[in-house]
1. Among 25, 132, which comes first, second and so on when ranked by fewest other beta-carbon atoms within 10 Å?
2. Given R₀ = 35 Å, what would the calculated FRET efficiency be for residue 81 paired with residue 123, taking r from the Cβ atoms and rounding to 0.05?
3. Quote to one decimal, in nm, the extra length available between residue 2 and residue 51 on full extension: 0.36 nm per residue of separation minus the C-alpha distance between them.
4. Calculated from the structure, percent of Cα pairs over 27 Å apart equals which of [x] 50; [y] 22; [z] 9?
């Protein structure tokens, strides 16, 4: 079920499975920094309210380039809060864009110094979903 939709992302939540999906849309390539922060704040607001055990972040159409300035902001404002939810898994699904993949992995791995969450990276959404429900 669609829980939230704007021009840059769709957020879905399936309560019976405690399954949350963030789907970035192609228009995310025109987001500015302020809009990116707004979208990420909405994402984390939903995550903190719903406390899902399974989170898929579908970045196959993600077009915003995460700059070094935002890497620390994401780690501090988003990743740290995701880590507060106990007993969950996060699957990141990439497309073929290696720049997006590198920027996301840098945000997650290089700034993962104060917290940990169970995460894996995938190129296939079905594989990611299978891992989340395994």
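Rule-based calculations on the coordinates, nothing more; no lab input. Note that this is a predicted model, so its numbers are computed, not measured. Positions of Cβ are backbone-derived with ideal geometry, glycine not excepted, and every protein chain shown enters the neighbour counts.
1. By the 10 Å Cβ count, ascending, the order reads 25, 132.
2. 0.85
3. 16.0 nm
4. Label [z] holds the value from this structure.
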